[in-house]
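Since the structure comes first, as structure tokens, the remarks are kept for the end.
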């Protein structure tokens, strides 16, 4: 287990603490709250996060309010923090947003781009949910797209970075005004669409 260094000054701000918590929870599972003589840590088998020095407790309380994590009390002694379905999906989106600027021109991504934008044209919005299988899906009425089989999350984050879609707190993505204009271009010949895509790169 990695141990923290004792420092008086915070080493992370709230944004950095949020990112660290999401990474730890999504990669290594729940974190247990440990209070040893007033020194508070969040721990699991992989790491130890110092809450006395860094703002992890403040951040995790905000995550509780936003329903990104839930707290489970075990044997009336230890509190464990787990990612909710919304938290797991948020962590997935964070990972894809980090690499969205590495634009991929492969056939799979191009087809996924057109497929997702095509469904936005028809439905206006798509919601990101976690199915019982544990896989993320983009859904709407009569639409169910498994994100485990195609690079749909990557494409979704691309569309978000272009400001073609915007996300609401329930992880529903809707076309913006810019997105509506872009989506309409899918109805014109391929040569025009290709020119439009080239302008985005």
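The values are calculated or read from the model by the stated rules, or taken from the named source; none is laboratory data. What you see is a predicted model, and the numbers here were worked out from it, not measured in a lab. Cβ placement follows ideal geometry from the backbone for every residue including glycine, while neighbour counts extend to all protein chains displayed.
Only one of 100, 62 is in contact (Cβ under 8 Å) with a residue 60 or more places away in the chain and out of contact with any strand residue (DSSP E or B) (no Cβ under 9 Å at 6 or more places or on another chain); which? Spell out how you get there, then give the answer.
Numbers: 62 fails: in contact (Cβ under 8 Å) with a residue 60 or more places away in the chain.
Going through 100, 62 in turn, just one is in contact (Cβ under 8 Å) with a residue 60 or more places away in the chain and out of contact with any strand residue (DSSP E or B) (no Cβ under 9 Å at 6 or more places or on another chain): 100.
If I ask for residues that are touching a helix residue (DSSP H, G or I) at 6+ places or on another chain (Cβ under 9 Å) and part of a loop (DSSP other than H, G, I, E, B), which ones from region 8-37 would you list?
Hits for region 8-37 are 10, 12.
Within region 110-128, which residues are outside any helix (DSSP H, G or I) and at pLDDT below 90? If you could, list the steps in order and put the result at the bottom.
Step one: list which residues in region 110-128 are outside any helix (DSSP H, G or I), which gives 124-128.
Listed by number, the list holds a single entry, 124.
Can you tell me which residue is nearest to residue 15 (Cα to Cα) among those in region 35-59 that are without any contact (Cβ under 8 Å) to a residue 24 or more places away in the chain and over 23 Å from the mean Cα position of the chain (by Cα)?
For region 35-59, the residue satisfying everything is 51.
Need pairs with beta-carbon distance below 7 Å; first residue over 14 Å from residue 127 (Cα atoms) and within region 141-156, second surrounded by fewer than 14 Cβ atoms within 10 Å (Cβ to Cβ); sequence gap 6+ or separate chains.
So the pair list comes out as 148/135; 150/108; 151/108.
Being in contact with a helix residue (DSSP H, G or I) (Cβ under 9 Å, 6 or more places away or on another chain) and at negative phi is true for just one of 40, 74. Which residue is that? Write out each step before concluding.
Numbers: 74 fails: in contact with a helix residue (DSSP H, G or I) (Cβ under 9 Å, 6 or more places away or on another chain).
Testing whether each residue is in contact with a helix residue (DSSP H, G or I) (Cβ under 9 Å, 6 or more places away or on another chain) and at negative phi leaves just 40.
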